[in-house]
Amino acid sequence: MKRPWNIVNMPVYSLATYNEDEVNMNICTYVSAVSMKPKLFMVAIDYQTKTFENLEQSDTAILQVLHEDQASLIKLLGKKSGKKINKANKLRDKNQLIEWSGHEVLEGACGYLFLQMEARSNISGDHELFYFSVTKSTTKSEEGILMFRDLIRQGIIL
C-alpha cells in the first residue's frame, strides 16, 4: 500500500524560473490554488535546487501544466539538477522550447501561468512555500494533462 500522500492524483507542473536570460525548469506536484480573487497559487520549492536559487534573484516564474506527451521530460526536469547541467540547452537541442510572454517555456504544455511572487513562508522541512499571484495565463489544451498517477503507472516515480 502506498502512503496516503501518494494515492492522490494531481497534475504535474514544471516551474520555469529565470536567472537573467537563462531558464531553469523543475517538476512540481506540491502546487495548489489558494485564492480566487486575487488568483493566488502556492508552490513548494526544495531548498537545494537551482529553482530555489533563481527565486532568490527574481520574483517571477512561469508555471506550466504538463501534457501527457511530456512524461519523457520528467527525468531531465525532475531527476537532474540544474546546478549540474544546463537543462535549457538540452531542451533547445530537442526543439522543446518556445517563447511565451517574452520567456522560454516548454512547447506542448497544456497551459501557462505567469506568476508574480507575493510572499514566502519558511516554516520547516525541506521545502519553502512561495505564494504567487497570476498576472497572465493561457490554456492550450484541456485534454491530456499529465497526472501524478501517470508517472507511477509508467514507472517514472515510486
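The values are calculated or read from the model by the stated rules, or taken from the named source; none is laboratory data. Treat the numbers as computed from the prediction; the structure is a model and nothing was measured. Glycine also receives a Cβ, built like all others from the backbone with ideal geometry; neighbour counts cover every protein chain displayed.
Looking at the stretch 103-150, which of its residues are closer than 21 Å to LYS50 by Cβ, out of contact with any Asp or Glu (no Cβ under 9 Å at 6 or more places or on another chain) and either among the β-branched types (Val, Ile, Thr) or at pLDDT below 95 (or both)?
Hit for the stretch 103-150 is GLY125, nothing else.
Does the stretch 59-75 contain at least one residue that is assigned to a helix (DSSP H, G or I) and without any contact (Cβ under 8 Å) to a residue 60 or more places away in the chain?
yes
Could you grab me the full set of residues in the stretch 30-45 that are in contact with a Leu (Cβ under 9 Å, 6 or more places away or on another chain) and touching a residue at least 40 places away in the same chain (Cβ under 8 Å)?
TYR30, VAL34, LYS39, PHE41, MET42, VAL43, ALA44, ILE45
Would you check which residues across the stretch 30-83 are hydroxyl-bearing (Ser, Thr, Tyr) and buried (at least 19 other Cβ atoms within 10 Å of the Cβ) and list them?
Across the stretch 30-83, the qualifying residue is only THR51.
Regarding the stretch 29-37, can at least one residue be identified that is at pLDDT below 95 and under 26 Å from LEU151 (Cα atoms)?
yes
Is it fair to say ASP93 is modelled with pLDDT of 95 or more, surrounded by 13 or more Cβ atoms within 10 Å (Cβ to Cβ) and of a type in the set (D, E, K, R)?
No: the conditions fail for ASP93.
Could you identify the single residue in LYS87, LYS83, LYS39, LYS94 that is within 16 Å of the chain's Cα centre (by Cα) and basic (Lys, Arg)?
The conditions single out LYS87.
What pairs can you find where one residue is in the stretch 46-58 and closer than 15 Å to LEU77 by Cβ, the other is assigned to a loop (DSSP other than H, G, I, E, B) and among the charged types (D, E, K, R), and their Cβ atoms are less than 7 Å apart, with a gap of 6+ or different chains?
Every condition considered, the pairs that remain are ASP46/ASP126; LYS50/LYS83.
Give me the pairs: first residue in the stretch 1-27 and without any contact (Cβ under 8 Å) to a residue 60 or more places away in the chain and within 18 Å of TYR112 (Cβ to Cβ), second residue among the hydrophobic types (A, V, I, L, M, F, W, C) and assigned to a loop (DSSP other than H, G, I, E, B), beta-carbon distance under 7 Å, and six or more apart or on different chains, which are they?
TYR13/LEU66; ILE27/VAL12
From the list ASN26, ASN19, ASN6, pick out the single residue that is surrounded by 11 or more Cβ atoms within 10 Å (Cβ to Cβ), touching a Leu at 6+ places or on another chain (Cβ under 9 Å) and modelled with pLDDT under 95.
Only one candidate passes the filter, namely ASN6.
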